[in-house]
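The block underneath contains the structure these notes are about, expressed in structure tokens.
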Amino acid sequence: MLEAQPKIEANQGYTGVNLLKLIWILLLSAPVAALIAQILVKVLPSSLQMNIAKALLWASIVWLVAMGLAGCTGVRFVPILANIWALAIAYFAYCFLAFATGWLPWHRTARLTTLAVATLPIAYGYFMGTVGLLALTFEADRYIDPPLQTVGLDANTVCIMTNAEGWLDTVHLLRVHKEWQLAPILHRQTQVIPVTTEQPSAGPTDCEALRGRPL
């Protein structure tokens, strides 16, 4: 039987620097795009304004809920670029909803307070994209660095070994993904197994060690 060929969750065709630039641009431009969308909705004829505003609001809510469920269940796109754009759309959706609180028919104090609280994550995003750019670089490296090892364990299971967050090269993570034949662009992370190279334990040390094990 031929060994399963894994779909690699890597930045194929893109360097880490290019992907980091894309993340930086999307982080800074999403709030601006959301604000422009809010303004454009307000200048539309009144006959269209409400329908388009409702469509954008519901689309934003649905996308955020879908992304939340995907994050809770470990579902993600195989191409790293698709994951970046999916998160960027989610950030745009959040910004659109946050700015929409400024148009709520509430008392001015309550409306402005809600708007200020809702925009705190946006302010943090701008902080990370400017003063905290170095921290953003380290955070992004977890997603844009190619895996250390990718092994197809069976026809629908793939193991990807990456460096652990917050560690140098002494701790690795074995990420086990289940793939779907009907949706080859998606896979679901089912297990994360930490391994260390300094004091190897009796457990697996790399993806090959998982071959034949029940997962």
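The values are calculated or read from the model by the stated rules, or taken from the named source; none is laboratory data. The structure presented is a predicted model; accordingly, all values stated were derived computationally and were not measured. All Cβ positions, even for glycine, are placed from backbone atoms using ideal geometry, and neighbour counts span all protein chains on display. For the accessible areas, the whole protein counts, side chains as well, though only heavy atoms, and no ligand, DNA or RNA atoms are used. Shrake-Rupley method; radii C 1.70, N 1.55, O 1.52, S 1.80 Å.
Structure values in brief
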read-out	value
Separation in nanometres of the label points that stand 7 Å from Cα toward Cβ, at Asp206 and Thr113	5.9 nm
Residue order for Met161, Met67 - accessible surface, 1.4 angstrom probe, largest first	Met67, Met161
Residue-level accessible surface for Lys178, protein heavy atoms, 1.4 Å, Å²	60 Å²
Accessible area, probe 1.4 Å, largest first, for residues Tyr91, Tyr124	Tyr124, Tyr91
15 Å beta-carbon shell around Pro214, net charge (K/R +1, D/E -1)	+2
Which of Val117, Val171 is most accessible, then next, and so on - probe 1.4 Å	Val117, Val171
Whole-Hz ³J(HN,Hα) from phi, Karplus 6.51 cos²θ - 1.76 cosθ + 1.60, for segment 124-134, glycine and proline x	5, x, 5, 4, 5, x, 10, 5, x, 4, 5
For Leu186, residues with placed amide H under 5 Å, excluding near neighbours	Val78, Trp180
